[in-house]
């Protein structure tokens, strides 16, 4: 196990009725930028509830940035910064899922920066100060409510890139599983796949002696596999929603990576897909991950994939470890399919025309992952995924 420093100052208010904790935002600042996505928080009544609590808690000013898209755009970040500066706002409140939270973090980081916030994607050290961020989570998926990162899309460059800073970590996050009761099955399924991908990106590594991290990852994966189908079948099952919500937060709050840090494989490849085609992030991950596993499967990786299958799906590892690994990959694909997620790029409108260009774009960050990938490897994984 490697040395590490682990510190998560985000205060989590978890459980039903915790929205009332939003009144604590006045301890941070009384001038708020409210950031949200589409109209779902208005349809469910959450928007009105948030405003009621803010008003009763003594908030003096609320300005809004609405319409943040699932792959948040740099234009939204720039607009949020403009609003904050124009109205001298002092805290960013994200009400939504990971995209809304990521956009809010980028706004907070860009508020004090004189240049363009897209600069952070190439040099996050430019973030020297940030507005405080608070969140009300409505979708269990990205873990952004408890970590330092953000992923932003620049359509002009066909680029979707991540960056991070400890200054971007939320001050507090409200995690009420009942706020996810109204999610469509499609979004619940996507959240499960996103969560599992975050865990697997950390899980498959070559760090020696990180036994505990492996065990934690396997427990989280089993939780997602157990409760994902339950939440889709019965959206108002609180136990399922609560376990999925906390699972998603723990998947990407640094817990699994501490002492076992490794480069990621599937996220860089997927970010290029969604930058070019604006597909749902989790759809891309569900399509790519089993094909990536099949592509890098050999005698060195087979024991890890087989053990994944044993611990997560309950397979028996036979004498032929390669065959056991193939069964694990098959079961992962079957699970994603059972949630209603796509299995091919054609299903999300992606053909062969840009595969080579996208492979060339993705490979720059894939030299230090579980199995280092070349441009030819990435192209082949994309081709397998058609």
Original post:
Given the structure, is residue 319 more than 18 Å from the chain's Cα centre (by Cα) and either in the same structural domain as residue 228 (by TED's automatic domain parsing) or under 21 Å from residue 363 (Cβ atoms) (or both)?
Top reply: yes
Original post:
Do any residues in region 360-371 that are under 10 Å from residue 292 (Cβ atoms) and not assigned by TED's automatic domain parsing to the domain that holds residue 158 have Cβ atoms under 8 Å from those of residues that are part of a strand (DSSP E or B) and modelled with pLDDT under 90, where the two are at least six apart or on different chains, and which pairs are they?
Top reply: 369/263; 370/263
**OP:** State yes or no: is residue 233 within 28 Å of residue 347 (Cβ to Cβ) and either out of contact with any helix residue (DSSP H, G or I) (no Cβ under 8 Å at 6 or more places or on another chain) or free of Cβ contacts under 8 Å to residues at least 40 places away in the same chain (or both)?
**Re:** yes
**OP:** Only residues that are closer than 25 Å to residue 30 by Cα and either out of contact with any helix residue (DSSP H, G or I) (no Cβ under 7 Å at 6 or more places or on another chain) or not assigned by TED's automatic domain parsing to the domain that holds residue 165 (or both): list them for region 97-131, please.
**Re:** 97, 99, 100, 104, 112, 114, 128
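When you check residue 180 against the structure, is it under 27 Å from residue 20 (Cβ atoms), touching a helix residue (DSSP H, G or I) at 6+ places or on another chain (Cβ under 9 Å), modelled with pLDDT of 95 or more and surrounded by 18 or more Cβ atoms within 10 Å (Cβ to Cβ), yes or no?
On the way: under 27 Å from residue 20 (Cβ atoms): yes; touching a helix residue (DSSP H, G or I) at 6+ places or on another chain (Cβ under 9 Å): yes; modelled with pLDDT of 95 or more: yes; surrounded by 18 or more Cβ atoms within 10 Å (Cβ to Cβ): yes.
It is true that residue 180 is under 27 Å from residue 20 (Cβ atoms), touching a helix residue (DSSP H, G or I) at 6+ places or on another chain (Cβ under 9 Å), modelled with pLDDT of 95 or more and surrounded by 18 or more Cβ atoms within 10 Å (Cβ to Cβ).
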Original post:
Which one of 265, 258 is under 19 Å from residue 143 (Cβ atoms) and either over 16 Å from the mean Cα position of the chain (by Cα) or without any contact (Cβ under 8 Å) to a residue 60 or more places away in the chain (or both)?
Top reply: 258
**OP:** Having 1 or more residues that are surrounded by 15 or more Cβ atoms within 10 Å (Cβ to Cβ) and free of Cβ contacts under 8 Å to residues at least 40 places away in the same chain is the bar; report the helices (runs of 4 or more DSSP H) wholly within region 1-119 that clear it.
**Re:** 46-57, 74-87, 98-110
**OP:** Could you please find all residues in region 175-189 being in contact (Cβ under 8 Å) with a residue 40 or more places away in the chain and within 14 Å of residue 40 (Cβ to Cβ)?
**Re:** 179, 180, 181, 182, 183, 186, 187, 188
Subject >> Failed criterion for residue 245 (all others in (1) surrounded by 20 or more Cβ atoms within 10 Å (Cβ to Cβ); (2) free of Cβ contacts under 8 Å to residues at least 60 places away in the same chain; (3) closer than 17 Å to residue 199 by Cβ hold) >> reply: (2)
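For region 341-356, state whether one or more residues are closer than 29 Å to residue 185 by Cβ, assigned by TED's automatic domain parsing to the domain that holds residue 212 and under 19 Å from the mean Cα position of the chain (by Cα).
Within region 341-356, the subset closer than 29 Å to residue 185 by Cβ is 341-351.
Right, trim to assigned by TED's automatic domain parsing to the domain that holds residue 212 and you get 341-351.
If we keep only those that are under 19 Å from the mean Cα position of the chain (by Cα) as well, we get 341-342.
Yes, there is a match, as at least one residue in region 341-356 is closer than 29 Å to residue 185 by Cβ, assigned by TED's automatic domain parsing to the domain that holds residue 212 and under 19 Å from the mean Cα position of the chain (by Cα).
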Subject >> Residue count for region 311-348, restricted to those that are surrounded by fewer than 16 Cβ atoms within 10 Å (Cβ to Cβ) and within 17 Å of residue 224 (Cβ to Cβ) >> reply: 5
Subject >> Unmet requirement for residue 306, which otherwise passes all of (1) over 22 Å from the mean Cα position of the chain (by Cα); (2) farther than 30 Å from residue 73 by Cα; (3) surrounded by fewer than 19 Cβ atoms within 10 Å (Cβ to Cβ); (4) modelled with pLDDT of 95 or more >> reply: (3)
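The values are calculated or read from the model by the stated rules, or taken from the named source; none is laboratory data. All values reported here derive from a predicted model rather than from experimental measurement. Backbone-built Cβ (ideal geometry, glycine too); neighbour counts: all protein chains shown.
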